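*Asks:* Pasting in a structure now, in structure tokens, and then I'll have a few things to ask.
Derivation of every value follows stated rules applied to the coordinates shown; laboratory data play no part. Computed from a predicted model, the values in this text were never measured in an experiment. Methodologically, a virtual Cβ is constructed for each residue, glycine included, from the backbone with ideal geometry; neighbour enumeration extends over all protein chains shown.
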Amino acid sequence: MGMLDGKVAIVTGAGRGIGREEALLMASLGAKVIVNDVGASVKGEGGDKHPAEEVVELIKAGGSDGAVNASDVSSWQGAKDLVAQAVDTFGQLDILVNNAGILRDKMSFNMEESDWDDVIRVHLKGHFAPSHHAAVHWRARAKAGETFTGRIVNTSSESGLFGNAGQANYAAAKGGIASLTWVLARELGRYGINVNSISPRARTRMTEDLFGEMAKAEEGFDKFDPRNVAQLVAFLASDEAADISGQNFIVYGGDIWAMGGHHVVGEIHRDSMWTPGELAAAKGELFKGVSSGVPPFNIA
Ligand SMILES: NC(=O)c1ccc[n+]([C@@H]2O[C@H](COP(=O)([O-])OP(=O)(O)OC[C@H]3O[C@@H](n4cnc5c(N)ncnc54)[C@H](O)[C@@H]3O)[C@@H](O)[C@H]2O)c1
């Protein structure tokens, strides 16, 4: 018995990198997998079908079933077709892993309008559009009286949680995905759908400049292998994670941090309006005890 036997999953951006390992692992655990990928470059250009086709071949060679989908996840209709393909091909949808993404890193003062628009579109709309259409499918099943468990696993980033210079577009999208995860978890919980997100670190073409050499230098356990990340995603996709929703996990190697949400680091209160001058005088009290390491403050 595999942990995902009988489940039907979609993994977006599953032709390469982390998504590829998520699709292969979930298939090896018994899921039928729609391998979505437009086959774009890191910057989001081009359309190579081969990586997604290869993943489906590997899934079939491993004894499970899968199918390629080449929709752009940031297209409303493309996302609708993606969910419809899962239902038409395998009868239902149980698991949606939103993973597809691109990068256009630039400092804010150098960023082009298209760099902003494309990164926000692919990540943020590319997470919401499949989630919307999956939610429509699940709500209809719930209203028809069916009992089932649905899962969404989103892909955020530490850049979105803490901010990273040179990634205004990417961090804004990834922070938005963390917030979107909370909203979807609140909205869909009543239908038996759990929604979580991960903030991974792994060596892929997206990060080879960052982690490439560092990871290769290590012997033994490869902390930057994207297969490490896939394990957590498969667990979150399973029935075993029925009591986990609305969470964001930083994950790499054998390390997992459950991040919780935003939390208060200081406070001041009164029963009357503050003036700007009074706030200037009270700022020390407001930030009392805040460490210099807490973003975005750098209080000495
Ligand atoms: N690698 C890391 O350390 C790291 C860190 C934080 C977050 N992430 C996130 O993890 C996810 C996967 O990244 P990766 O490192 O595996 O990158 P990757 O470039 O190896 O894979 C991304 C895949 O998404 C596909 N894609 C791009 N635009 C698409 C679209 N519109 N529709 C469908 N598919 C599309 C690409 O063709 C590619 O196959 C991304 O969301 C990324 O932002 C990665």
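*Asks:* Enter the angle in degrees (range 0 to 90, nearest 10) between the Cα long axis of helix 76-90 and the first principal axis of the Cα atoms of the chain, meaning the one along which they spread out most.
*Replies:* 40
*Asks:* How far, in nm, would the chain grow between residue 210 and residue 48 when pulled straight, counting 0.36 nm per residue and subtracting the alpha carbon separation?
*Replies:* 55.9 nm
*Asks:* To continue, here is another question. Mind listing which GluC sites (Glu not before Pro) in segment 88-168 are in a DSSP loop and have 16 or fewer other Cβ atoms within 10 Å?
*Replies:* When the GluC sites (Glu not before Pro) of segment 88-168 are filtered for loop state and at most 16 Cβ neighbours within 10 Å, 112, 146 remain.
*Asks:* Taking the number of other C-beta atoms within 10 Å as the exposure measure, put 152, 193, 120 in order starting with the fewest.
*Replies:* Ordered by Cβ neighbours within 10 Å, fewest first: 120, 193, 152.
*Asks:* Tell me which aspartates and glutamates have Cα within less than 17 Å of residue 43's Cα, excluding those fewer than 8 residues away on the same chain?
*Replies:* In chain and number order, the partners are 72, 105, 112, 113, 115, 117, 118, 208, 209.
*Asks:* What translational diffusion coefficient, to the nearest whole µm²/s, does segment 134-264 have by Stokes-Einstein, given a Kirkwood radius computed over alpha-carbon pairs, a temperature of 4 °C and 1.567 mPa s viscosity?
*Replies:* 81
*Asks:* By a straight-distance test (C-alpha under 19 Å), which lysines pair with residue 49 as possible cross-link partners, with residues fewer than eight away in the same chain excluded?
*Replies:* 60
*Asks:* Helix 17-28: angle to the longest alpha-carbon principal axis of the chain, degrees 0 to 90, nearest 10?
*Replies:* That helix lies at roughly 50 degrees to the long axis.
*Asks:* Determine the gain in length on full extension of the stretch residue 279-residue 231; use 0.36 nm per residue of separation and subtract their C-alpha separation, reporting nm with one decimal.
*Replies:* Values: separation 48, 0.36 × 48 = 17.28 nm, distance 4.78 nm.
Length difference between fully extended and current span is 12.5 nm.
*Asks:* Let me check I've understood the local charge: for residue 165, count other residues with C-beta under 12 angstrom from its C-beta, Lys and Arg +1, Asp and Glu -1. What total comes out?
*Replies:* Summing Lys and Arg as +1 and Asp and Glu as -1 gives 0.
*Asks:* How much length is gained on full extension from residue 257 to residue 112, taking 0.36 nm per residue of separation minus their Cα-Cα distance?
*Replies:* Extra length available between residue 257 and residue 112 comes to 48.8 nm.
*Asks:* Moving on to the next point. Report the FRET efficiency, 1/(1 + (r/R0)^6), for residue 190 and residue 164, where r is their Cβ-Cβ distance and R0 is 35 Å, rounded to 0.05.
*Replies:* 0.50
*Asks:* Also: How big is the antiparallel share of DSSP beta bridges in the chain, given as a percent to the nearest 5?
*Replies:* About 15 percent, rounded to the nearest 5.
*Asks:* Which shape class applies to segment 1-135: rounded if a/c is under 1.5, otherwise prolate when a/b exceeds b/c and oblate if not, where a ≥ b ≥ c are the square roots of the Cα gyration tensor eigenvalues?
*Replies:* prolate
*Asks:* Continuing with this model, one more query. Report the normalised scattering of segment 70-125 as log10 I(q)/I(0) at q = 0.13, 0.17, 0.29 Å⁻¹, calculated by the Debye formula with identical scatterers on the alpha carbons.
*Replies:* Log10 I(q)/I(0), no solvent term: -0.43, -0.63, -1.17.
*Asks:* With loop defined by DSSP as not H, G, I, E or B, and exposure as at most 14 other Cβ atoms within 10 Å, which is the longest segment of the chain clear of exposed trypsin sites (Lys or Arg not before Pro)? The partial results should precede the final answer.
*Replies:* Working: sites that count: 43, 49, 205, 270, 288.
The answer is 50-204.
*Asks:* While we're on this one: Do the alpha carbons of any pairs in 7/32; 174/283; 32/143 sit beyond 18 Å of each other, and which pairs?
*Replies:* Over 18 Å apart, Cα to Cα: 174/283; 32/143.
*Asks:* Explain nothing, just the number: relative contact order of the chain, from Cα pairs under 8 Å at least 6 residues apart, as a whole percent. Provide the component values of the computation, followed by the final result.
*Replies:* Working: 576 pairs, mean separation 46.6, N = 300.
Relative contact order here is 16 percent.
*Asks:* Here is a follow-up. When the dipole is taken about the Cα centre of segment 8-258, and only Lys, Arg (+1) and Asp, Glu (-1) are charged at their Cβ, what size is it in debye, to the nearest 20? Numbers along the way, then the final one.
*Replies:* Values: 24 positive and 33 negative charges, 141 e Å.
So the dipole magnitude of segment 8-258 works out to roughly 680 debye.
*Asks:* Kindly provide the Kirkwood hydrodynamic radius of the chain in Å, to one decimal, from all pairs of distinct alpha carbon atoms.
*Replies:* 20.3
*Asks:* So, one more: How would you rank 162, 128, going from fewest to most other Cβ atoms within 10 Å of each one's own Cβ?
*Replies:* 162, 128
*Asks:* Take every Cα-Cα distance within segment 68-225, group them into 5 Å bins from 0 onward, and report for each bin the whole-number percent of pairs it holds.
*Replies:* Reading the bins upward from 0: 2, 9, 16, 18, 17, 14, 11, 7, 4, 1, 0.
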